[in-house]
Amino acid sequence: QARAGKLDPIVGRDREIRLVAEILGRRTKPNVLLIGEPGVGKSALVEGFAQQLALGLVPVHLREVTLFELDLGTLVAGASYKGEVEDRIKKVLTELKQYTRAILFIDELHVLLDPKGSAGSGIAQLLKPELARGELTVIGATTNDEYRQYIEKDEAFNRRFDIVRVEEPSVVVAERMLERIMPIYAAHHGLALGEGTVGEAVRLAKRYLKDRQLPDSAIDLVDRTMAAIRMLDEQAVAGLTQLQTEFDALATRREELGEADYLRELRWLLYQVQNQVSQLWLNQLENDQQPDKLETSAELETYLRELLAAVLALADTKKESVEKQDIAAIVSGKTGIPLGKLQSNEREKLLRMDQVLQQRVVGQDGAVRALCAAILESRSGLTKAGQPIGSFFLLGPTGTGKTELAKALADFLFNDESFLIRFDMSEFKEEHSAALLYGAPPGYVGYEEGGLLVNKIREKPYSVVLFDEIEKAHPSVFDIFLQILDEGKLHDRLGREGDFSNAVILFTSNIGAEQVSKTFAAGETPSSTDLLETMSRHFRPEFLARLTEIVPFAPISEENVGRIFDIHLRPLLEQLRRQGITLTLSSEARQHLALSGFTPKYGARPITGVIRAQLRRPISRLIISGEARPGTTLALSKPEGSDEVSWETTHVAADQPASPAAEAPAALPVPAA
């Protein structure tokens, strides 16, 4: 293959190739073992050496060399009796001796030493004497883990090899590698490479594809992007036209379907569009709107109409090159990170982060500002590399919005609350349960499953990690936190690494809540010194010293209860809207219910109970009885001078006969809380 020029060019591995040539020039044991992580280019290095052999760019003593690769799969395939594989390898060795000097390349060399493998360990026993006498020269390749597990233990086999470690190349070297090899991929796909595309691919692969190694991860990323672009050009516009036809037909049935059914059909059509249209097209559209959060059919209809028009316009334009935004779109699809986070256009959004968070977390402006300031500092690149984006201790009374802030932050940074990884630390009170975070010891049940914390962060490296009620955890847990906060990394019992450098770490606690409440009641904000003094009675100083900031939460005040009530009411309004039912509350009823769910001791938590008792349960009874159905408007009011709220049920004109409740609006008294 090297003589025929069928191998890809190799750049940046001159040192390793020189070491291989030096070892092959030894008088005894001229065998090479390449060790490196998957994807760093071990096999490619051997291909580079083969190219130099074919071109004669090797020392004189290697010019008569012929390089072969042993196909282990073919070697063991179809073996029916014990010893058949060994017979085959003997024939291979006999054939190699016909050449002046033959070198055998064995990829995945550790397979020969795996007693449970299909090859067994018989092949290794045959190779040992051949290697010892110098009658056979082998270049082997394996990973670090397999080397430790299989080869290093067999000293007799291991000492016959000279090790060459193949490290992951730097970003600069990887970029050079791709610049040399990408024209071959561009010719294969029939696409051109835009300016800076290779550098962007290397940068994004290094930063976001943490479980892969350069240059393999960057090469695969560009290759995948080019394949996706070819799909764009080959994808029939007929599919998009069909979706447009379905949308137009659906729009004509709006009155017939009613609000609830029409909204449901629009959501299904949106689902079809999102699944049939390429991520490359969707990410080219300059629209920050999140369709999942559109509440009315009119909003969703407008969004769909604009989306289909924009996608059809893009479909008419043939794409002939790969650009930076295409690479970012593929990474976005792989990792779930919004496209804007991968490029440099998130600055405006970050600058208004405090305003967005304050819409969900009411009455905690100081806490929100402190959190946002620290995150902006991290995003500006002025913090220590490798550490988490920020680590914050949220301190204050119950029901003040600590957990809600974590959800809001995940939604803001990653456009989805599912990027919140939450651990209830009351589940890790005992030492044996705390071990679940970093994995069970060898010999115990669950050892091979690894650590819970490492597994979660490997699944979602870009996330908000919340450790709720941290004071309830076993003290041994804090040893884990020290590693995470200091270096941004954690290894489980299996040696797998969890990278927290792209995560926000949040701790919550009710410790010191009484002191915090008294300080805020006096019109002051608790100082960092006072907070540290209070917390040092319960937490280790080395843990507190590593925190980015301690954020105190103020008790909920009466003037904020109305806004909090509205936030908790939204899910109920959305659920009713999906059923075609409208709920309205008078300002008096709203204020009455909000205040009835407020107590300084429990914060805003009782509001959820008030909504359940005063709204959900009465409405559920109306729905089950048939008094509330699609087209029904439920009005809640509080008569002046009364301690009770009352319902008024009205129906719009419907196809079905009106019920007595529709003819005469019913007043249903509900006991006040």
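Computed quantities for the displayed model
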{"read-out": "Residue check for Ala594: out of contact with any strand residue (DSSP E or B) (no Cβ under 6 Å at 6 or more places or on another chain) and modelled with pLDDT under 80", "value": "no"}
{"read-out": "Unique match (being modelled with pLDDT of 80 or more and touching a Pro at 6+ places or on another chain (Cβ under 9 Å)) among Leu243, Leu250, Leu307, Leu269", "value": "Leu307"}
{"read-out": "Ile619 vs. criteria β-branched (Val, Ile, Thr), under 30 Å from Ser517 (Cα atoms), in a helix (DSSP H, G or I) and modelled with pLDDT of 80 or more", "value": "no"}
{"read-out": "Residues located in the stretch 581-614, provided they are under 24 Å from Pro397 (Cβ atoms) and of a type in the set (Lys, Arg)", "value": "Lys601, Arg605, Arg612"}
{"read-out": "Residues within the stretch 415-425 that are more than 15 Å from Asp479 (Cβ to Cβ) and either at pLDDT 85 or above or crowded, with 20+ Cβ neighbours inside 10 Å (or both), tallied", "value": "6"}
{"read-out": "Meets criteria (in contact (Cβ under 8 Å) with a residue 40 or more places away in the chain, under 30 Å from Lys489 (Cα atoms) and not small (Gly, Ala, Ser)) for Ile163", "value": "yes"}
{"read-out": "All positions within the stretch 91-111 that are assigned to a helix (DSSP H, G or I) and either in contact (Cβ under 8 Å) with a residue 24 or more places away in the chain or β-branched (Val, Ile, Thr) (or both)", "value": "Val92, Leu93, Thr94, Leu96, Leu109, His110, Val111"}
{"read-out": "Residues being of a type in the set (S, T, N, Q) and either in contact with a helix residue (DSSP H, G or I) (Cβ under 7 Å, 6 or more places away or on another chain) or surrounded by 21 or more Cβ atoms within 10 Å (Cβ to Cβ) (or both) - total across the stretch 24-43", "value": "1"}
{"read-out": "Candidates Glu179, Glu167, Glu255, filtered to the one that is assigned to a loop (DSSP other than H, G, I, E, B) and surrounded by fewer than 16 Cβ atoms within 10 Å (Cβ to Cβ)", "value": "Glu167"}
{"read-out": "3 or more residues touching a residue at least 40 places away in the same chain (Cβ under 8 Å) and over 22 Å from Ala408 (Cβ atoms): qualifying strands (runs of 3 or more DSSP E) within the stretch 494-566", "value": "497-499"}
{"read-out": "Residue, nearest to Ile17 (Cα to Cα), within the stretch 58-90, restricted to residues that are part of a helix (DSSP H, G or I) and of a type in the set (A, V, I, L, M)", "value": "Leu62"}
{"read-out": "Some residue of the stretch 35-57 being among the hydroxyl-bearing types (Ser, Thr, Tyr) and either within 35 Å of the chain's Cα centre (by Cα) or assigned to a helix (DSSP H, G or I) (or both)", "value": "yes"}
{"read-out": "Filter result for Gly196 (surrounded by 13 or more Cβ atoms within 10 Å (Cβ to Cβ), on the phi > 0 side of the Ramachandran plot and not polar (S, T, N, Q))", "value": "no"}
{"read-out": "Matching residues in the stretch 281-304 - criterion: being modelled with pLDDT under 75 and not charged (D, E, K, R)", "value": "Trp281, Leu282, Asn283, Gln284, Leu285, Asn287, Gln289, Gln290, Pro291, Leu294"}
{"read-out": "Evaluation of Glu195 against (1) without any contact (Cβ under 8 Å) to a residue 60 or more places away in the chain; (2) farther than 18 Å from Lys42 by Cα; (3) among the acidic types (Asp, Glu); (4) part of a helix (DSSP H, G or I) (one fails), failing number", "value": "(4)"}
{"read-out": "Test: residue in the stretch 96-106 that is buried (at least 19 other Cβ atoms within 10 Å of the Cβ), touching a helix residue (DSSP H, G or I) at 6+ places or on another chain (Cβ under 7 Å), modelled with pLDDT under 85 and not basic (Lys, Arg)", "value": "no"}
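The values are calculated or read from the model by the stated rules, or taken from the named source; none is laboratory data. All figures in this text were calculated on a predicted structure; none of them were measured in a lab. Because the Cβ atoms are built from the backbone with ideal geometry, glycine has one as well, and the counts that use them run over all protein chains shown.
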